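Colleague: Take this structure first; my questions come after.
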């Protein structure tokens with residue numbers, strides 16, 4: 001069963017999602033940085049929270065915690081897990 | 001005696017620098033990586049075991065070896081060109097999956113490698129069990145468990161280094177489709193590594209581009225994603241065999257701490273509380289030591305004067321030694337306690353992982369200015385001293401963000417401006433309003449910095465800020481040794497930098513204040529006095545259009561706290577009588593306007609010199625100097641004239 005693809009920035013705090021790819025036209029350098037940090041297809045992302053002003057969001061990928069701006073997370077396509 | 005070059009490589013926050021310090025002790029040398037407009041620290045040290053000298057180079061921490069960021073480029077260039085005898089790859093045992101990403105690339109590069117598993121105690125507490133023997137077999141390299149903060153595993157690690165391992169024969173194999181294309185590309189590029197790199201990042205060669213297009217079609221996504229996918233897939237396979245996770249392991253501690261530290265309600269109060277505490281500690285602990293140093297230099301100056309008088313040295317020699325050299329150096333060294341304490345506390349905040357959270361908390365606000373959350377850290381450092389603060393902007397990723405941060409950081413009210421406020425606030429304001437005036441000055445500095453940032457962003461530095469992805473390292477207890485080394489290095493760098501510029505500057509200022517021959521030091525008849533009188537009318541609309549203020553402002557270029565001493569010399573009175581004299585020339589309003597000007601106009605020569613060093617551009621440095629003076633003039637003008645209109649004159 002295939003879930004609808006959503007943007008990572010729309011995943012609420014405390015939920016997990018699985019990466020399916022990047023929006024076309026995502027900045028190349030940025031994309032490769034995210035890939036190096038482990039946001040490859042199928043990897044599991046856990047949204048652990050948001051900064052006090054609501055942005056950036058804090059996610060956990062492959063056991064590491066990362067902060068990423070919502071506008072950048074909008075380029076990451078995920079399916080809710 | 002044999003000599004082995006050892007390079008330390010790995011992710012940021014994996015304990016690489018801690019291991020470096022542990023191996024080399026304090027016997028190391030901080031230099032710069034050559035050939036770059038922007039300086040990146042190059043740390044080298046040596047140590048001797050048995051009859052072998054180990055030359056140890058600390059490479060910049062990187063998440064990959066693709067050579068896309070400055071740090072990666074430096075690391076890759078070094079590894080490929082200088083070919084170290086052994087590369088020690090330090091990895092965080094608690095975050096093995098992400099850390100091994102660099103490891104498999106180091107293997108792919110064909111380097112003689114030793115894997116040092118660090119932070120095993122933390123991994124143990126998380127219930128992670130690593131079979132080092134199996135890991136070593138699978139990767140084809142020696143694996144040693146160490147604890148960088150103490151000596152655990154150090155001997156074993158050194159034994160492996162001295163054994164000079166051969167490059168691993170077990171480099172990652174991609175799937176057949178990719179391997180065919182790599183083999184094909186390798187014929188063009190020469191080595192497997194460059195073949196993989198060109199396939200990932202592209203090239204001008206149309207044939208290679210056709211291959212990349214083909215890969216994209218076959219896999220349904222671009223090559224860089226394909227390679228990252230397969231690399232992480234390979235790592236997952238290795239970890240599946242060599243690592244097991246115990247159920248009983250504790251849940252991620254850091255995530256739980258962050259639920260409070262970065263929470264909506266407590267995030268900012270905790271941040272403000274920690275900042276307040278930091279400055280409180282710096283100033284209360286630092287003040288008595290500063291007084292002692294100040295007195296020490298006073299005594300030294302008196303002794304020198306007496307000694308020179310006894311040996312019948314001409315008066316100008318006495319003046320040069322006492323006012324110029326001793327006074328000049330004294331004015332720098334007196335800040336050392338404050339600066340060291342500030343660096344010490346910041347090192348604790350940094351090593352514990354908290355500073356990364358500050359960047360996250362502040363990013364929303366900084367982003368509006370086209371800056372990165374990380375820009376806020378140099379700005380905080382700016383409260384201590386602009387010199388190290390400007391240097392701290394190195395951690396920013398794009399040139400645009402670095403320059404913007406460097407240009408606005410000097411507006412943060414540094415420690416050297418404090419004596420000026422203390423003097424004038426003490427004279428012109430009383431009771432509760434004193435604290436308010438001081439606070440308003442610090443706040444004004446921040447506001448001007450942010451406004452200037454916004455203006456620069458709309459004019460000179462157009463463009464979007466770089467994307468923000470920041471690793472939040474796990475919270476860790478900082479070690480005393482690590483923190484001391486960290487703070488000591490930065491303080492030393494401040495002293496060295498300040499010393500380089502301060503000595504010629506001191507001589508120049510002394511000359512200007514002593515010529516023509518025979519005038520009293522820094523009096524209105526001296527060159528600097530005349531210059532001060534000449535520029536004084538410019539300051540009339542700001543409320544302080546008299547010669548002494550002009551001279552004090554000029555002398556303040558040496559170091560801002562010199563303004564206080566300059567008033568003393570110009571009016572020829574001691575500290576006690578100075579208040580009465582200043583009462584006659586300033587009103588509370590013009591005194592405030594003067595303090596605002598001192599806060600905002602171009603920073604001391606040491607800071608300007610640092611701006612030149614970090615940007616590599618005299619043009620930008622000159623622009624900063626002029627721009628800051630203009631901004632100071634405008635803001636003071638508005639405050640003074642506005643105050644007059646409101647009837648505060």
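Colleague: Given the criteria touching a residue at least 60 places away in the same chain (Cβ under 8 Å), assigned to a helix (DSSP H, G or I) and under 27 Å from residue B:394 (Cα atoms), does residue B:641 qualify?
Modeller: Against the criterion (touching a residue at least 60 places away in the same chain (Cβ under 8 Å), assigned to a helix (DSSP H, G or I) and under 27 Å from residue B:394 (Cα atoms)), residue B:641 does not qualify.
Colleague: Determine, yes or no, whether residue B:204 is exposed (fewer than 14 other Cβ atoms within 10 Å of the Cβ), modelled with pLDDT under 90 and within 40 Å of the chain's Cα centre (by Cα).
Modeller: yes
Colleague: Another question about this same structure. Are any residues in the stretch B:75-90 under 27 Å from the mean Cα position of the chain (by Cα) and under 9 Å from residue B:113 (Cα atoms), and if so, which ones?
Modeller: Result: B:87, B:88, B:89.
Colleague: I would also like to ask the following. I'm trying to understand the selection: among the residues of the stretch B:151-172, which are surrounded by fewer than 20 Cβ atoms within 10 Å (Cβ to Cβ), closer than 30 Å to residue B:254 by Cα and in contact (Cβ under 8 Å) with a residue 40 or more places away in the chain?
Modeller: Hits for the stretch B:151-172 are B:151, B:154.
Colleague: While we're here: Yes or no: the stretch B:465-478 includes at least one residue that is under 30 Å from residue B:625 (Cβ atoms) and surrounded by fewer than 21 Cβ atoms within 10 Å (Cβ to Cβ).
Modeller: yes
Colleague: Output the residues belonging to the stretch B:362-384 that are out of contact with any strand residue (DSSP E or B) (no Cβ under 9 Å at 6 or more places or on another chain), within 13 Å of another protein chain (Cβ to nearest Cβ) and not in a loop (DSSP other than H, G, I, E, B).
Modeller: The answer is B:362, B:364, B:365, B:366, B:367, B:368, B:376.
Colleague: Return a yes/no flag: does the stretch B:107-122 have any residue that is in a loop (DSSP other than H, G, I, E, B), within 13 Å of chain A (Cβ to nearest Cβ) and under 28 Å from the mean Cα position of the chain (by Cα).
Modeller: There is at least one residue in the stretch B:107-122 that is in a loop (DSSP other than H, G, I, E, B), within 13 Å of chain A (Cβ to nearest Cβ) and under 28 Å from the mean Cα position of the chain (by Cα).
Colleague: Ok, one more. Has the stretch A:33-42 got any residue that is crowded, with 23+ Cβ neighbours inside 10 Å, more than 7 Å from chain B (Cβ to nearest Cβ) and touching a strand residue (DSSP E or B) at 6+ places or on another chain (Cβ under 9 Å)?
Modeller: Among the residues of the stretch A:33-42, at least one is crowded, with 23+ Cβ neighbours inside 10 Å, more than 7 Å from chain B (Cβ to nearest Cβ) and touching a strand residue (DSSP E or B) at 6+ places or on another chain (Cβ under 9 Å), which makes the answer yes.
Colleague: Please work out if residue B:559 is under 26 Å from the mean Cα position of the chain (by Cα), modelled with pLDDT under 80 and not assigned by TED's automatic domain parsing to the domain that holds residue B:571.
Modeller: no
Colleague: Another one. Of the conditions (1) within 14 Å of chain A (Cβ to nearest Cβ); (2) within 18 Å of residue A:31 (Cβ to Cβ); (3) over 33 Å from the mean Cα position of the chain (by Cα); (4) in a helix (DSSP H, G or I), residue B:228 fails just one. Which one is it?
Modeller: (3)
Colleague: Looking only at the stretch B:334-344, decide whether some residue is in a helix (DSSP H, G or I) and farther than 19 Å from residue B:413 by Cα.
Modeller: Within the stretch B:334-344 (the criterion being in a helix (DSSP H, G or I) and farther than 19 Å from residue B:413 by Cα), the answer is yes, since at least one residue qualifies.
Colleague: Taking residue B:200 as meeting all but one of (1) part of a loop (DSSP other than H, G, I, E, B); (2) in the same structural domain as residue B:223 (by TED's automatic domain parsing); (3) in contact with a helix residue (DSSP H, G or I) (Cβ under 8 Å, 6 or more places away or on another chain), write down the number of the exception.
Modeller: Only one criterion is unmet by residue B:200, namely (1).
Colleague: Only one residue in A:45, A:79 is buried (at least 18 other Cβ atoms within 10 Å of the Cβ) and more than 8 Å from every other protein chain (Cβ to nearest Cβ), so which one is that?
Modeller: Only one candidate qualifies: A:45.
Colleague: Give A:20, A:11 a once-over and let me know the one that is more than 8 Å from chain B (Cβ to nearest Cβ), in contact (Cβ under 8 Å) with a residue 40 or more places away in the chain and buried (at least 21 other Cβ atoms within 10 Å of the Cβ).
Modeller: A:11
Colleague: Now for a different question. Any chance the stretch B:233-242 includes a residue that's in a helix (DSSP H, G or I), within 11 Å of chain A (Cβ to nearest Cβ), free of Cβ contacts under 8 Å to residues at least 40 places away in the same chain and closer than 29 Å to residue B:106 by Cβ?
Modeller: yes
Colleague: Go through (1) over 30 Å from residue B:485 (Cβ atoms); (2) not in a helix (DSSP H, G or I) and name the single condition residue B:151 misses.
Modeller: Only one criterion in (1) over 30 Å from residue B:485 (Cβ atoms); (2) not in a helix (DSSP H, G or I) is unmet by residue B:151, namely (1).
The values are calculated or read from the model by the stated rules, or taken from the named source; none is laboratory data. What you see is a predicted model, and the numbers here were worked out from it, not measured in a lab. Positions of Cβ are backbone-derived with ideal geometry, glycine not excepted, and every protein chain shown enters the neighbour counts.
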